[in-house]
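The values are calculated or read from the model by the stated rules, or taken from the named source; none is laboratory data. Fair warning: this is a prediction, and the values are worked out from it, not measured in the lab. In this analysis, Cβ positions are derived from the backbone assuming ideal geometry, glycine residues included, and neighbour counts consider all displayed protein chains.
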There are 2 protein chains.
Amino acid sequence: MHERRGFLRSLMGLSAAAWAAPVVGASATAAAQGSTGAPNRKLGVALVGLGSLSEHQIAPALASKTQHCKLTGLVSGHPDKAKAWAKQYGVPEANVYDYQSFDRIKDNPDIDIVYVVLPNGMHAEYTIRAAQAGKHVLCEKPMAVSVRECDQMIAACKAAGRQLAIAYRLHFEPNNLELVRLAREKVFGAVKVIEAAAGFRIGDPNQWRLDKKLAGGGSLMDIGIYALQAARYIAGEEPVSVSAQTTTTDPVKFKPGVDESVLFSLKFPGGIIANCASSYATGLNRFRAGAERGWFEVSPALNYVGIKGRAADQSNAIKDFDFAPVDHFAAEMDDFASCILSGKPTRVPGEEGRRDVRIMTAIYQSAATNKTITL
Amino acid sequence: MHERRGFLRSLMGLSAAAWAAPVVGASATAAAQGSTGAPNRKLGVALVGLGSLSEHQIAPALASKTQHCKLTGLVSGHPDKAKAWAKQYGVPEANVYDYQSFDRIKDNPDIDIVYVVLPNGMHAEYTIRAAQAGKHVLCEKPMAVSVRECDQMIAACKAAGRQLAIAYRLHFEPNNLELVRLAREKVFGAVKVIEAAAGFRIGDPNQWRLDKKLAGGGSLMDIGIYALQAARYIAGEEPVSVSAQTTTTDPVKFKPGVDESVLFSLKFPGGIIANCASSYATGLNRFRAGAERGWFEVSPALNYVGIKGRAADQSNAIKDFDFAPVDHFAAEMDDFASCILSGKPTRVPGEEGRRDVRIMTAIYQSAATNKTITL
């Protein structure tokens, strides 16, 4: 491990201190403590939507991994499930809501943050209702199913004086952050071509992800958004044009408006181009930057655990990155809590979520019209 | 090595015999011997253009690696160079031509095949002149700089009753052939998304590859064509539409009509889509197929030596391919010689070269018009 770090340090001509990975936990802690000057209190998080992601990732992170927030509320349409969770996680029964009683959350001082983990088509409504209840909102990606909804969500949070963050967990993952650093510092010269692909083979044909109304689209909205994000954070700019093609090989599973696979290319103002792929038909899991004097990539790029990165200079001698793993969800929630405690803006605000929704809309438009769309 | 082969055999449910790599040398030998029923004679090859590729790859292959052909003629605009080569390779001085005397090759029975290794813009003229001189023609890729030229080349060879092959060396490379087999036999289920990228950072700004008249385009014509080829041979179909974007970050090196990088996507009638990248700005070197129940790739994909492949099933346990290396140029020349000796058609005829030129023309058209082009 130390040898590898040594390699990268010398490769990059940086001191050990300068090279240190931008681990979110540490800086967030400093920010939170620095701003309040008082002992930290843990902010209370209410989860809205107790599906698989909440069950397997978010609730466990809040139970044992977060430093600046904890699970204090549950919102579900399934009373039995909510009751069982309340017992398991020590959430008072008074802090359990259903979708009808949800707005009463405004009277509950145990809850500072509402984390919206619902199907995409419900993000806007619950974000807006949470803001109107005076809560800060962390909303799963994609932010919403239209730019108009994004605007309404941003406006609602602004009107309520509350922060809004989109749960882009890879902004807190050190290997992905290393891609950004290698690009921004031009360690291998200027980036020229980005390749970003994200996909998996989807199972159950009856799940909400394949329902246009709830999902707002297909693979792109759910998994391809990671490729879009990667292209944008590696490039460090906003694309000026997008060109796309979609395909469907299983018309039973993939109804109109729900893409099976999408290929899209993005052109950035500085000349970088990105070739991206999104799929519900096959596994895709790599973000790569080809630069003037080498390349760097993460693959697997977006797993919850096990992300690995590597880089090579002109001699094509490949060297692995070596970062201590972080829990993505704990890191993103801790960062948001720290931002709230310190009054600092989040790195993943609603405006960032809106950018992706706008570009995804253009991707679908390009595929539908067979034209490159100028953004 | 044997363990890996064992893995793949069992993975694919094939017997050792069925799994054996389609090594061209062996079958070509059989074909040549079978058709003539007589002891093989080696066909004579004249090289037209004594640049780097001829010097470092083709002439050495003819000197010591080919079984069915040998170097018997040289065509060059540099008399001193040709004379030195003639001496080095034991080519009679009477078999050395310049571009003016080239047509006299028709009277030379030592020469059966003309291998055109000139800049792209000269392929058509020398292919047609060679055919008119009664010689079979092997022409470097890209076949030509326009579909019209391709048609003229095909017509000239047909009129002369001579075979025309395009030097697609990866059609004779066992790792690339394994991609084709894995796709065609659906070893991991149907292929869904192909990714193919080919590029290198080009040096000398004054070389013919950056001259529109001689190159007919930029990176796409020279290196991106490998990605296009890979997409087509993995898909096993002809694309029905193409969408593309180009970029230029160095307008001094890359003049109008000479692309620096191109991204293009291809849609195939069976539903496969391919995301392809071509670049003179950065290294790109991978062909990958994402299938229903796994994936397979070669990377590096197009080096003269050192191509490596791997595959993974649904558990994502990655296993390497393991094929004995072949000399791509010896294999392609031996196959062509065998086809001529046996009267069998080449697997890489002019019609195959024409398909790529047609699609590359559409790629440039898509990028220029910002529209998806229906093929």
### Task
Can you run down the residue pairs with Cβ atoms below 7 Å, 6 or more apart or on separate chains, where the first is in the stretch A:99-119 and touching a residue at least 60 places away in the same chain (Cβ under 8 Å) and the partner is of a type in the set (D, E, K, R)?
A:ILE111/A:LYS135; A:ASP112/A:LYS135; A:ILE113/A:LYS135; A:VAL114/A:LYS135; A:VAL116/A:GLU140; A:VAL117/A:GLU140
### Task
Enumerate the pairs (first residue in the stretch A:144-156 and part of a helix (DSSP H, G or I); second residue anywhere and of a type in the set (Lys, Arg)) with beta-carbon separation below 8 Å, excluding pairs fewer than 6 apart on the same chain, so at least 6 apart or on different chains.
A:VAL147/A:ARG354; A:VAL147/A:ARG358; A:CYS150/A:ARG354; A:CYS150/A:ARG358; A:ASP151/A:ARG354; A:ILE154/A:ARG354
### Summary
Scanning the stretch A:320-340 residue by residue, the ones that are within 23 Å of A:LEU138 (Cα to Cα) and not in a loop (DSSP other than H, G, I, E, B) total 13
### Query
Can you name the number of the only condition in (1) at the interface with chain B (Cβ under 7 Å from one of its Cβ atoms); (2) surrounded by 23 or more Cβ atoms within 10 Å (Cβ to Cβ); (3) not acidic (Asp, Glu) that A:GLY271 fails?
(2)
### Task
Mind checking which helices (runs of 4 or more DSSP H) fall wholly inside the stretch B:1-100 and carry at least 2 residues that are at pLDDT 50 or above and not aromatic (Phe, Trp, Tyr)?
B:59-64, B:79-89
### Query
Taking A:PRO300 and the conditions (1) more than 10 Å from every other protein chain (Cβ to nearest Cβ); (2) surrounded by fewer than 24 Cβ atoms within 10 Å (Cβ to Cβ), which numbered condition does it fall short on, given that it satisfies the others?
(1)
### Query
Being outside any loop (DSSP other than H, G, I, E, B), over 30 Å from B:ALA281 (Cα atoms) and either touching a His at 6+ places or on another chain (Cβ under 8 Å) or not acidic (Asp, Glu) (or both), is that true of even one residue in the stretch A:301-319?
no
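Yes/no matrix, rows are residues, columns are (1) among the hydrophobic types (A, V, I, L, M, F, W, C); (2) closer than 17 Å to A:VAL180 by Cα; (3) within 19 Å of the chain's Cα centre (by Cα):
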site	(1), (2), (3)
A:ILE307	yes, yes, yes
A:ALA312	yes, yes, no
A:ASP356	no, no, yes
A:THR361	no, no, yes
### Scope the stretch B:334-350; condition under 23 Å from B:GLU149 (Cα atoms) and either among the hydrophobic types (A, V, I, L, M, F, W, C) or under 13 Å from the mean Cα position of the chain (by Cα) (or both); matching residues
B:PHE336, B:THR346, B:ARG347, B:VAL348, B:PRO349, B:GLY350
### Query
Can you list the strands (runs of 3 or more DSSP E) found entirely within the stretch A:165-267 that contain at least 1 residues being in contact with an Asp or Glu (Cβ under 7 Å, 6 or more places away or on another chain)?
A:191-199, A:241-247
### Task
Take the stretch A:305-332 and flag every residue that is under 18 Å from A:ALA230 (Cβ atoms) and in contact with a helix residue (DSSP H, G or I) (Cβ under 6 Å, 6 or more places away or on another chain).
A:ILE307, A:GLY309, A:PHE321, A:PHE323, A:HIS328, A:ALA331, A:GLU332
### Task
Tally the residues that are more than 21 Å from B:GLN245 (Cα to Cα) and within 14 Å of chain A (Cβ to nearest Cβ), restricting the search to the stretch B:188-233.
6
### Task
Run down B:LEU341, B:LEU284 and say which single residue is within 11 Å of chain A (Cβ to nearest Cβ) and hydrophobic (A, V, I, L, M, F, W, C).
B:LEU284
